[in-house]
1. Scan the stretch 15-38 and tell me whether some residue there is modelled with pLDDT under 95 and either under 14 Å from Val93 (Cβ atoms) or of a type in the set (Ser, Thr, Tyr) (or both).
2. Take Ala51 and decide whether it is more than 19 Å from Ala98 (Cβ to Cβ), assigned to a loop (DSSP other than H, G, I, E, B) and at pLDDT 95 or above.
3. Using the structure shown, decide if Val45 is at pLDDT 95 or above, surrounded by 13 or more Cβ atoms within 10 Å (Cβ to Cβ) and among the aliphatic types (A, V, I, L, M).
4. Condition first: over 14 Å from Thr37 (Cβ atoms) and surrounded by fewer than 15 Cβ atoms within 10 Å (Cβ to Cβ). Can you find one or more residues in the stretch 59-68 that meet it?
5. May I ask you to list the residues in the stretch 31-44 that are in a strand (DSSP E or B), more than 13 Å from Arg100 (Cβ to Cβ) and touching a Ser or Thr at 6+ places or on another chain (Cβ under 9 Å)?
6. Sort out which residues of the stretch 86-102 are in contact with a strand residue (DSSP E or B) (Cβ under 9 Å, 6 or more places away or on another chain), more than 15 Å from Leu53 (Cβ to Cβ), in a loop (DSSP other than H, G, I, E, B) and modelled with pLDDT of 95 or more, and write them in order of number.
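The values are calculated or read from the model by the stated rules, or taken from the named source; none is laboratory data. Predicted model, so just to flag it, every value in this text is computed and none were measured. Please note: Cβ atoms are built from the backbone with ideal geometry, for glycine as well, and neighbour counts cover all protein chains shown.
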Amino acid sequence: MKTVIPYVLLSMFISANVLASEEDVVALTTYKCHIETPNGSNIAVFEWDKALLIQEQSALLAEYVPTISNERLIVKRVVECITEDKVFKDVLVRELDAQRTY
């Protein structure tokens, strides 16, 4: 009986840790953002938690980001961030998005 109690306590501890780690898993969503750069309009792709979308967009300003034109450009303005399955409002950016290779 004395040897069973430590094993029971150990298994309860491990089970609690596994449950806690499963709750910490965040589902990331892929977003494509129409951004304004010193070189004009471009698109950048990111994976973010849906709950942090506004904060992540705000954090892009004045940062260098990789764009679909294979350049790292500074973000002057974030025009629109949408999920991969959506289409951009701006027709020219839609055409740019259609040309990219995934």
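1. Looking for residues that are modelled with pLDDT under 95 and either under 14 Å from Val93 (Cβ atoms) or of a type in the set (Ser, Thr, Tyr) (or both), one finds at least one in the stretch 15-38, hence yes.
2. no
3. Yes; evaluated as a whole, the condition is true for this residue.
4. Yes, the stretch 59-68 contains a residue that is over 14 Å from Thr37 (Cβ atoms) and surrounded by fewer than 15 Cβ atoms within 10 Å (Cβ to Cβ).
5. Tyr31, Ile35, Thr37, listed by residue number.
6. The answer is Phe88, Lys89, Asp90.
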